Amino acid sequence: MRLNEPCSRNSDHPKTLFKHLKTKFMKKTPIAIALALLVATFPIHAQSFPAPANASDYEELPELKASDILRPEILQGPNHKVRDEVSTSSGANRFSIDSTFGVFEAEGNEMLVRRVNEINAIAKLKEVSRTDAYKKALVTSAKSQLAAAKNIITDPVNTAANVPKGLMKFMGRAGERVKGIGKKREPAPDEGSRAQNIIGFTAAKRKVALSLGVDPYSSNDTLQRELDGITWASFAGGLTFKAATMPIGGGAGAALTITGLTNTFESMLQDKSPADLKIMNRKALLEMGTSTADADAFLKSTAFSPSEETAFVLNLKSMDGVAGRGAFVAVAAKKSSAEADAIFCVKTAELMAKLHQGETPLARITLIEDFPVCVAKDGTLVVALQWDSAAWTARADNFAKTLRAQGKDKTQYLVALSGVISPRLSQELESLGFRVQDRLSPGPLR
């Protein structure tokens, strides 16, 4: 497929934009490693340009030191320290973080910022849990009418597994209410308020998380347990919770930046339930030309949390007038299956939006086979990638040549990366006629 052809909604799409490539080159490689390797080496179908046999012509992917590349406050703080060895073989910088609360792993620069923020939030929540006010709130909450519902609210998965009869009773009560519709009867004193109370708990939890500058839907189990504890004391026990300072990485979920819309995004997360966000996101996807089938498939994806789902949609929405955004949605829906996949989609959409709103307004998003690229209004072919540490490899060589084969004699090319590009890769791409921009979203880097 050439770039001047319309993109197909029915084409097979890649894992985190590249799964088809994984099946061609690395069928036996674990999914996460395969994805990262593909991103790290600018992979694309090796259609016309086999890799040169002489591996010495290329760079080795670097082994970095956290102490060399990270901002001091990210490298180490009162509650954490990032281990110095940083592997880049996955395409994303891979970090291990020692903390007061255990060891955390971070796949990529953006995830590192998120985890450091979360560690600081856990420390704050732990501090609150040691106060007399918290202990008093626990006593109060134990006497609350909501005490019996605590497990259902704060741990629905384990409650469902361990107390199936209790859930059947709950469903039975729901059935009684359905049967009672239309009949003249007075509801029980607490009837009609329980669902509102449960919703009130989740809203309170979102507020606590966002006040700490973390994603309320984070996959960090330690964070979620602490959030549940403090929120319960606040919701059912009357504890007043206030966060004195924001975390070092900025606002809620630094990995979920929305170009020009950070405050709006955080307000949405606080004010809207996940169901409300889905309704809003579906409407936006359809308005930007996404097919109903692709929009619904995306919204059913388990890889995207409500935060990541909304961030992705808002980033695409901010590219007003850019055609082909539905193809990107289809890619994300069909091939994303993990949190790292979702963040990759979010950050790539953010980079595209940043270029579009800056000096490179875009006309459309299209595909080379399964690989999404942008076409600027001036005809420039634009590749925007979340890539932490880029080097000149055989697949980078293949990709550059394949991309050039899609253009015309006077076509210009731009490669825009979130992280750092090696001098060698920059030199090689420029020799092939590419313009290169890096550090578009440096995150925790110096």
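The values are calculated or read from the model by the stated rules, or taken from the named source; none is laboratory data. Every value quoted in this text rests on a predicted model; they were computed, and no experiment measured them. Don't worry about glycine lacking a Cβ; one is built from the backbone with ideal geometry, like all the others, and counts go over all protein chains shown. For accessibility, only protein heavy atoms count, side chains too; no ligands or nucleic acids. Shrake-Rupley method; radii C 1.70, N 1.55, O 1.52, S 1.80 Å.
The amide H of residue 323, built 1.01 Å from its N in the peptide plane, has 364, 365 as neighbours under 5 Å, considering only residues 5 or more places off or on other chains.
What full-extension length gain, to one decimal in nm, is calculated for residue 67 and residue 87 as 0.36 nm per residue of separation minus the Cα-Cα distance? List each step's numbers first, then the result.
Working: separation 20, 0.36 × 20 = 7.20 nm, distance 1.33 nm.
Contour length minus the Cα-Cα distance gives 5.9 nm.
The separation of segment 198-220 from segment 385-446, counted between C-alpha centres, amounts to 38 Å. Once C-alpha pairs closer than 8 Å and six or more residues apart are averaged by separation and normalised to the residue number of segment 377-446, the relative contact order reads 38 percent.
Let me check I've understood the local charge: for residue 319, count other residues with C-beta under 15 angstrom from its C-beta, Lys and Arg +1, Asp and Glu -1. What total comes out? After counting each charged neighbour, the total is +2.
Please report the equivalent ellipsoid semi-axes of segment 282-441, computed as sqrt(5 x eigenvalue) of the Cα gyration tensor, largest first, in whole Å.
On the way: eigenvalues 145, 58, 38 Å².
Computed over segment 282-441, the values are 27, 17, 14 Å.
For segment 341-354, the Karplus equation 6.51 cos²θ - 1.76 cosθ + 1.60, evaluated at θ = phi - 60°, returns couplings of 4, 4, 5, 4, 4, 4, 6, 5, 4, 5, 4, 4, 5, 5 Hz by residue, with Gly and Pro reported as x. If R0 equals 30 Å, the separation of the Cβ atoms of residue 267 and residue 427 corresponds to a calculated FRET efficiency of about 0.10. Ranking of 287, 107, 266, 359 by solvent-accessible surface, largest first: 359, 287, 107, 266 (1.4 Å probe, protein heavy atoms only, all chains present). Averaging the sequence gap over all C-alpha pairs within less than 8 Å and six or more residues apart, then dividing by the number of residues, gives segment 316-381 a relative contact order of 34 percent. Rounded to the nearest Hz, the phi-derived 3J(HN,Hα) couplings of segment 424-431 under the Karplus curve 6.51 cos²θ - 1.76 cosθ + 1.60 (θ = phi - 60°) are 5, 4, 4, 4, 5, 5, 5, 5, where x marks glycine and proline. Determine the shape class of segment 292-366: with a ≥ b ≥ c the square roots of the Cα gyration tensor eigenvalues, call it rounded for a/c under 1.5, and otherwise prolate if a/b is greater than b/c, oblate otherwise. Prolate, because a/c is 1.5 or more and a/b exceeds b/c.
Compute the signed sum of charges (Lys and Arg +1, Asp and Glu -1) over the other residues within less than 10 Å, Cβ to Cβ, of residue 112. Let's see the in-between values first.
Details: positive: 94, 114, 115; negative: 105, 107, 110, 388.
Here the count lands on -1.
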